[in-house]
Amino acid sequence: MEKCKIQLTDGTTTIHIIVSSAVKERIPPDGTPYTWWVGKGNEKHFYWGGSGPGIQKCACGIERNCTDPKYYCNCDADQKQWRKDSGLLTYKDHLPVSQLVVGDANRPGSEAKLDVRPLRCQGDPPTEVSFSFDVGNGPVELLVRSSTPLNDDQWHRVMAERNVKQASLQLDQLYKEVRQAPPQGHTRLELYSQLYVGAAGGQKGFLGCIRSLKMNGVTLDLEERAKVTPGVKPGCSGHCTSYGMYCRNGGKCIEKYNGYSCDCSKTAYDGPFCTKDVGGFFETGTWIRYNFLTQAAASKDSLQSFPQASTNLNLTREDLAFSFSTTSTPSLLLYISSYVQDYLAVVLHQNGTLQIRYNLGGTKEPFKIDVDHRNMANGQPHSVNISRHEKNIQLQLDHYPSVSYTLPESSDIHFNSIKTLFLGRVHETGEIDPVIIQKYNTPGFSGCLSRVQFNQISPLKAALRPRIPSPVGVQGQLVESNCGASPLTIPPMSAATDPWRLDSASADSPFNEERVIPGGVNRNSAIIGGVIAVVIFTILCTLVFLIRYMFRHKGTYHTNEAKGAESADTADAAIMGNDPNFTETIDESKKEWFI
């Protein structure tokens, strides 16, 4: 059986296709049609223009006016005259059409003609909501327009009200139209038909979710009605209200018809819940550059033409977060330059300790924060979080508590005209701190960097996920890696055993490990615990000794025998003895005590 395959151009929404053939829908003995078309996802479809998905019919089969009523397509009649089936393919989830397959065309006298019309996209994004009514004075329509499309998978609130004085329509508590009622005329709205929600008879139905429907203060139970209405399913609550907290690390929850999704585009993370680290391994000499603004746009003349850009590039607040792991020192982790002398740098010293350098306002010497409590070039992942608001700086490393620093009076509160963010190495001409160039820039960083985020920018993610055009460039070998899975969780070493503990570090240092031991035990607490353990042990031993003594020493048996009983010849004499008052004391002598 010979088949003919025709490749088509891609379309998006509406396809107008005319097919004329004597073999288009004939069904062979095995039940598979000879002709079909392939759409989105390489799926075969056996319905045609004027019909719908899952229905193996043409338009004439739907309208029941085919040439031969025994068939559902005109071309299936297999007549000698030319017959035609035509219509529109409008189900966009199956579009675009990628190919047509025509079979059973090699029989004598069998011919097929295919006419594919141009593909058309139609329909503007909906931005309007209307409220119309007629109380007998003529139709009245109120219309409000939104500045953004309303088919954005987000919830929108509509309030429509009519009384004897006026009518009003409000959308999202932002857009509102009010119409005063005429001074003369009818005021009562008399309705006798049923209430239709979503669509009225013969109209195109609403596709989406409706909830919290109230009429005259009464909440209508849409879920119960949806259970018995074909084409309507109950349960359309806001998923982000209940599950939005699962979008982590600044991810935005997006409502869907049957669920939700997390938008991670403005975070340094990836994955369905914005929890997957995006990291890269830097070979020696590899660096990343992210340009904030071109030199022309940042010039004094053009900054007046771009006031919004100039405001964003003169910062009074920065939030910087990233993770790294390396064994190579000295090296530069991150550097943010400017078109003036302002900059921010994060470097590792030769001994593996960390330093943050801020220079705002063109001061002679940068403000330095030396984190000299331990070696951070030990091959373990470490996290760094830096937040500045004007002259206040908050620094947090790994599991240590956040520490505050204050810029000197000579520093400016603005980070002026930021230009470029570098990872791994600085590579640009201009006024760069010579100390950075001489001590940390050669040969450059070698190791892993991950989850790098500066305000709303994720330069490392932009370099590894080039989905949209971005001002990022990569030099050298950059390989994606999960190196920043988590910060170091091993408790820090004590002062006595830490080889990188400097003698000059004061006991009041913000990173004093005698004071901050996550996952460990404070020395004073250990002493108190030991004393309590000794006391409890002593009490237990005492109780055991007393219990054993009471069970072994059962007591002494005493009798009140007569005096001289030891020398008596008989037992009676021993009892009676020489006591003249025996009869008076006999009862007393028989008394016994058990102790």
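Things to note:
- The Rg/Rh ratio for region 124-182, using Cα coordinates for both the radius of gyration and the Kirkwood hydrodynamic radius, is 1.02.
- Residues in region 316-458 average 36 Å² of solvent-accessible surface per residue, probe 1.4 Å, ligands and nucleic acids excluded.
- Cross-link pairs beyond the 23 Å C-alpha cut-off, checked among Lys391/Lys461; Lys92/Lys227; Lys57/Lys113: Lys391/Lys461; Lys92/Lys227
- Anisotropy class of region 65-115 from Cα gyration tensor, a/c 1.5 cut: oblate
- Pair Asn482, Phe206: separation of 7 Å Cα→Cβ label points (nm): 4.5
- Solvent exposure, largest accessible area first (probe 1.4 Å, DNA, RNA and ligands not counted), of Ser110, Ser193: Ser193, Ser110
- FRET E, pair Glu283, Leu114, Förster distance 51 Å, beta-carbon r, rounded to 0.05: 0.40
- Peptides ranked, highest mean first, by Cβ atoms within 10 Å: ranges 207-219, 269-281, 415-427, 398-410: 415-427, 269-281, 398-410, 207-219
- Shape call, region 146-218: gyration tensor on alpha carbons, a/c limit 1.5: oblate
- Counting charges near Ile386 (Lys, Arg +1; Asp, Glu -1) among other residues having Cβ under 10 Å from its Cβ returns a value of -1.
- Accessible surface, region 124-182, averaged per residue in Å² (probe 1.4 Å): 68
- Region 236-290 versus region 404-439: alpha-carbon centroid distance in Å: 30
The values are calculated or read from the model by the stated rules, or taken from the named source; none is laboratory data. This structure is a prediction, so every number in the text was calculated from the model and none was measured. Glycine gets a Cβ as well: all are built from the backbone with ideal geometry, and neighbour counts include every protein chain shown. Quick note on the areas: whole protein, heavy atoms, side chains included, nothing else; ligands and nucleic acids left out. Shrake-Rupley method; radii C 1.70, N 1.55, O 1.52, S 1.80 Å.
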